[in-house]
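Participant: I'd like to ask some things about the structure below.
The values are calculated or read from the model by the stated rules, or taken from the named source; none is laboratory data. Treat the numbers as computed from the prediction; the structure is a model and nothing was measured. All Cβ positions, even for glycine, are placed from backbone atoms using ideal geometry, and neighbour counts span all protein chains on display. Heads up: the accessible areas ignore ligands, DNA and RNA and are worked out on the full protein's heavy atoms, side chains in. Shrake-Rupley method; radii C 1.70, N 1.55, O 1.52, S 1.80 Å.
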Amino acid sequence: MNILEKIIEEKKKSLALLKKEISLDTLEKNIKRQSLLDFKETIKKNKSISLIAEIKKASPSAGVFVNNFNHLDIAKMYVDNGATCLSVLTEEKYFLGKLDYIKDIKKQFQIPILAKDFFIDPYQIALSKSYGCDCVLIIIAALDGGQADEIYSEALKHNLSVIVEVHDQKEAEIALK
């Protein structure tokens, strides 16, 4: 089993528990309290180079990047230096991310935020938006069958921008369908 397969298996388990704790109805109520920034339009309207700066504490291959990790300090540095948007890792076990990072950053900064996680279930779209994300990442390699379409449709239903990650021609063909 490769690392992506391990992450997806863990994600399935954690989602099963989370769905029992937080209903979709509760998420939808929380979403109504969120203000949405248009990630795609922010990039399109930018007159110069658009930079999506990533806030990431760790990775499975490299371990912890920053020992004294403070997502708000990193966000401030990026915003102060002209980042157009932020990409925030929210996967907890392997990347040590948190959805709360998005909520915290949104309280202090007016900048569109991409929730970067392994989206395998439409529920995650509502969950991420309930924390204030403006965009989600769909990783084609993490999905099978019609999952990408289902997640993409859910993101559009919630007025979120979508970035699709592909690694080869086959995945690109799937994404373009």
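Participant: List pairs: first residue in the stretch 9-26 and hydroxyl-bearing (S, T, Y), second residue open to solvent by 80 Å² or more (accessible area, probe 1.4 Å) anywhere in the structure, Cβ distance under 9 angstrom, at least six positions apart or on different chains.
Facilitator: So the pair list comes out as S14/E92; S14/K93.
Participant: To continue, here is another question. Report yes if E5 is assigned to a loop (DSSP other than H, G, I, E, B) and either surrounded by 15 or more Cβ atoms within 10 Å (Cβ to Cβ) or among the charged types (D, E, K, R) (or both), otherwise no.
Facilitator: On the way: assigned to a loop (DSSP other than H, G, I, E, B): no; either surrounded by 15 or more Cβ atoms within 10 Å (Cβ to Cβ) or among the charged types (D, E, K, R) (or both): yes.
No.
Participant: Return yes or no: is S14 hydroxyl-bearing (S, T, Y), open to solvent by less than 80 Å² (accessible area, probe 1.4 Å) and part of a loop (DSSP other than H, G, I, E, B)?
Facilitator: When the stated conditions are applied, S14 does not pass them.
Participant: Enumerate the pairs (first residue in the stretch 162-177 and open to solvent by less than 60 Å² (accessible area, probe 1.4 Å); second residue anywhere and in a loop (DSSP other than H, G, I, E, B)) with beta-carbon separation below 7 Å, excluding pairs fewer than 6 apart on the same chain, so at least 6 apart or on different chains.
Facilitator: Filtered contacts from the stretch 162-177: A172/V166; A175/V166.
Participant: If you go through the stretch 141-159 one residue at a time, do you hit one that is outside any helix (DSSP H, G or I), buried (at least 19 other Cβ atoms within 10 Å of the Cβ) and either basic (K, R) or in contact with a strand residue (DSSP E or B) (Cβ under 6 Å, 6 or more places away or on another chain) (or both)?
Facilitator: Looking through the stretch 141-159, none of the residues is outside any helix (DSSP H, G or I), buried (at least 19 other Cβ atoms within 10 Å of the Cβ) and either basic (K, R) or in contact with a strand residue (DSSP E or B) (Cβ under 6 Å, 6 or more places away or on another chain) (or both).
Participant: Here are some residues: A53, A83, A58, A75. Which one is touching a residue at least 12 places away in the same chain (Cβ under 8 Å), in contact with a Leu (Cβ under 9 Å, 6 or more places away or on another chain), hydrophobic (A, V, I, L, M, F, W, C) and under 23 Å from A141 (Cβ atoms)?
Facilitator: From the options A53, A83, A58, A75, the qualifying one is A58.
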